[in-house]
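As structure tokens, the structure follows; a few thoughts come after it.
Computed from the coordinates by the stated procedures, all read-outs in this text should not be read as laboratory data. Fair warning: this is a prediction, and the values are worked out from it, not measured in the lab. When we count neighbours, we look across all protein chains shown, and the Cβ atoms used for this are built from the backbone with ideal geometry, even at glycine.
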Amino acid sequence: MIDKALPAGLAGEKLSRTITGTSEVSVGRSAIATGSGAGLGYLVASGAAIGLEAVGLTAAATVAAPVIAPVALLAGGIALVRSLFD
């Protein structure tokens, strides 16, 4: 789970720098980083579940589905913490 959440969270924080145009610590950038990290975490985790289902591993996809929300939350948290440091 952490192997998916960490890169998504870090990418979400970098995306917040691009969106805001600054790397300064602010409430707005932290909010954008959190949302971006959570969104990317959701996409990564759900993409894995969809990929399993696409190749016919429906049972494995069903088992992987409950991991989507924790990965998204963890990625958002990582992005938030990272955005607090310049």
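Key figures
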item	result
Most fluctuating residue given options SER23, SER46, SER36, as computed from a GNM of the chain linking Cα atoms under 10 Å	SER23
Principal-axis tilt of helix 27-54 within the chain, Cα atoms, nearest 10 degrees	10 degrees
Distance (nanometres) between label positions extended 7 Å along Cα→Cβ at LEU73 and THR58	2.9 nm
Listed residues ALA33, ALA48, ALA72, most fluctuating in the chain (Gaussian network, C-alpha, under 10 Å)	ALA48
Potential extension, ARG17-ILE50 segment - 0.36 nm per residue separation minus Cα distance	8.9 nm
Relative contact order for the chain, counting Cα pairs under 8 Å that sit 6 or more residues apart, in percent	46 percent
For the chain, calculated [θ]222 nm from helices alone, where every DSSP H run of n ≥ 4 adds -39500 (n - 2.57)	-27500 deg cm²/dmol
Environment charge at LYS14 (Cβ cut-off 13 Å; Lys +1, Arg +1, Asp -1, Glu -1)	+2
Assigned charges on the beta-carbon of Lys, Arg, Asp, Glu; the chain dipole about Cα centre (debye)	80 debye
